[in-house]
Amino acid sequence: MERVDTIILGAGVVGLAIARALALAGREVLILEAESAIGTMTSSRNSGVIHAGIYYKPGSLKARCCVHGRDMLYAYAAERGIAHKQCGKLVVATDEGQIEKLREWKANAEKNGLTNLRMLTPTEARSFEPEVSCAAAMHVPISGIIDVHELMLALLGDAEAAGATLVLRSPVEKGEVTPDGFVLDVGGEQPMKISCRMLINAAGLGAQAFARNLHGLDPATVPPLVLAKGSYFSLTGKPPFKMLIYPLPVLGSSGLHASCDLGGRVRFGPDVEWIEKIDYRVDPSRQPQFEEAIRRYWPGLPNGALQPDYSGIRPKLAHGSPHDTDFMIQTVRDHKISNLINLYGIESPGLTSSMALAEEVLRQF
């Protein structure tokens, strides 16, 4: 049976960032990915936003990793020539009753170390974005967007240059804890068993399923998986905004926002749909709900200008907004198994936090 030092399950942006960090630290790393390409699930089905760190509880893993990861991501993107843009964000209160909550979010963001935040009047907000409608807004200059695929290719390139190996179409069906590490049953076209000393479960939506199939791990340590589907609709016609436009958060989401990608294409989303199984189809009947939500901050949305685009699924730990629960990194302190790390609930701001999460994992070894 082949044996390697460290196996990482999942080649999404977090798994790749961890692989890069460990390989650069001199570890022998094998990345096993069930799909036929890297980052085909949660990593490629989001807004591509570099988040500032506004909403998360001060001192939480999400707050720390978002703020540190944001700075790491901007520096890495500049160093590696990854397409990105620090376009800034307006968080808008769409009626007078939301202004106090907006001020509370500003105070929370400042506790997380954010600076240069500014409350804006409606007139001041329109000086940034003439099409926006609001009772008040908060300007967040540090927010931005990034080409997620370019980022993942760069992370993988660094990892492979440092000796890591990626194997696609290699679903890990089950595993076993052994006295000297782990034995994994890998499916796919050429099923095999492989052993390792260290195991990092960064399988995203599949993290809990694998953990429940790891013989020797107490199932009581595995948290529930709650699937929150978020659909996006794209805009046909001229982009109305240059910045990110975010309403206040709602249950399950940071809000149905407007984002303009690096190609100038505008999309709106994600909404929230609690589901029982993975299904990426976008329901066109959700369009009226989108139009109603968008017109609260952009009354000029033309009729018939939205088209169903794509959807993503957030791997949540509970029903609630991203700021209600924290990332979960389980180590030997949690499950009593040496050299095993399970990452659960890596939803937004997982992309922004990816390189900081990799640092957190590296510190465990």
**Report entry** Residues of the stretch 107-137 classified as crowded, with 18+ Cβ neighbours inside 10 Å, free of Cβ contacts under 8 Å to residues at least 60 places away in the same chain and either charged (D, E, K, R) or out of contact with any Gly (no Cβ under 6 Å at 6 or more places or on another chain) (or both), total
**Finding:** 7
Report summary line: Of 107, 25, 21, 75, the only residue that is among the small types (Gly, Ala, Ser) and under 20 Å from residue 324 (Cα atoms) is 107
**Report entry** So residue 144, is it in contact with a Phe, Trp or Tyr (Cβ under 8 Å, 6 or more places away or on another chain), crowded, with 23+ Cβ neighbours inside 10 Å and over 22 Å from residue 73 (Cβ atoms)
**Finding:** no
Requested in this report: Could you list all residues from the stretch 1-29 that are within 19 Å of residue 161 (Cβ to Cβ), in contact with a strand residue (DSSP E or B) (Cβ under 6 Å, 6 or more places away or on another chain) and open to solvent by 20 Å² or more (accessible area, probe 1.4 Å)?
Outcome: 5, 27, 28
Report summary line: If we ask which residues in the stretch 197-242 are buried (at least 22 other Cβ atoms within 10 Å of the Cβ), of a type in the set (A, V, I, L, M) and within 26 Å of residue 52 (Cβ to Cβ), their number turns out to be 3
Report summary line: Expected single match for touching a residue at least 24 places away in the same chain (Cβ under 8 Å), surrounded by 20 or more Cβ atoms within 10 Å (Cβ to Cβ) and charged (D, E, K, R) among 314, 265, 281, 296 is 314
Query raised in the report: Assuming residue 41 fulfils every condition listed in (1) under 17 Å from the mean Cα position of the chain (by Cα); (2) open to solvent by less than 40 Å² (accessible area, probe 1.4 Å); (3) in contact (Cβ under 8 Å) with a residue 60 or more places away in the chain apart from one, which condition is it?
Result: (2)
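Within the stretch 184-196, is even one residue open to solvent by 20 Å² or more (accessible area, probe 1.4 Å), touching a helix residue (DSSP H, G or I) at 6+ places or on another chain (Cβ under 8 Å) and either basic (Lys, Arg) or free of Cβ contacts under 8 Å to residues at least 40 places away in the same chain (or both)?
No, that holds for no residue.
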Requested in this report: Of the conditions (1) within 28 Å of residue 219 (Cα to Cα); (2) more than 16 Å from the chain's Cα centre (by Cα); (3) surrounded by fewer than 22 Cβ atoms within 10 Å (Cβ to Cβ); (4) not aromatic (Phe, Trp, Tyr), residue 342 clears all except one; give me its number.
Outcome: (3)
**Report entry** Filter pass, residue 309 being assigned to a loop (DSSP other than H, G, I, E, B), touching a Gly at 6+ places or on another chain (Cβ under 8 Å) and of a type in the set (Asp, Glu)
**Finding:** no
Requested in this report: Select from the stretch 151-177 the residues that are assigned to a helix (DSSP H, G or I) and among the aliphatic types (A, V, I, L, M) and list them in ascending order.
Outcome: 151, 152, 153, 154, 155, 156, 159, 161
**Report entry** the stretch 225-244 residues that are β-branched (Val, Ile, Thr), paired with ones that are modelled with pLDDT under 95 and not in a strand (DSSP E or B) (beta carbon under 7 Å, 6 or more apart)
**Finding:** 226/318; 226/319
Query raised in the report: Which members of the stretch 44-84 meet the condition of being among the basic types (Lys, Arg) and open to solvent by 40 Å² or more (accessible area, probe 1.4 Å)?
Result: 45, 57, 64, 80
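May I ask you to verify whether residue 365 is closer than 26 Å to residue 146 by Cβ and of a type in the set (Phe, Trp, Tyr)? Working first, answer last.
Working: closer than 26 Å to residue 146 by Cβ: no; of a type in the set (Phe, Trp, Tyr): yes.
In short, no.
The values are calculated or read from the model by the stated rules, or taken from the named source; none is laboratory data. This one's a predicted model, so the numbers in the text were calculated from it and none came from an experiment. Please note: Cβ atoms are built from the backbone with ideal geometry, for glycine as well, and neighbour counts cover all protein chains shown. Note: areas computed on protein heavy atoms with side chains; ligands, DNA, RNA excluded. Shrake-Rupley method; radii C 1.70, N 1.55, O 1.52, S 1.80 Å.
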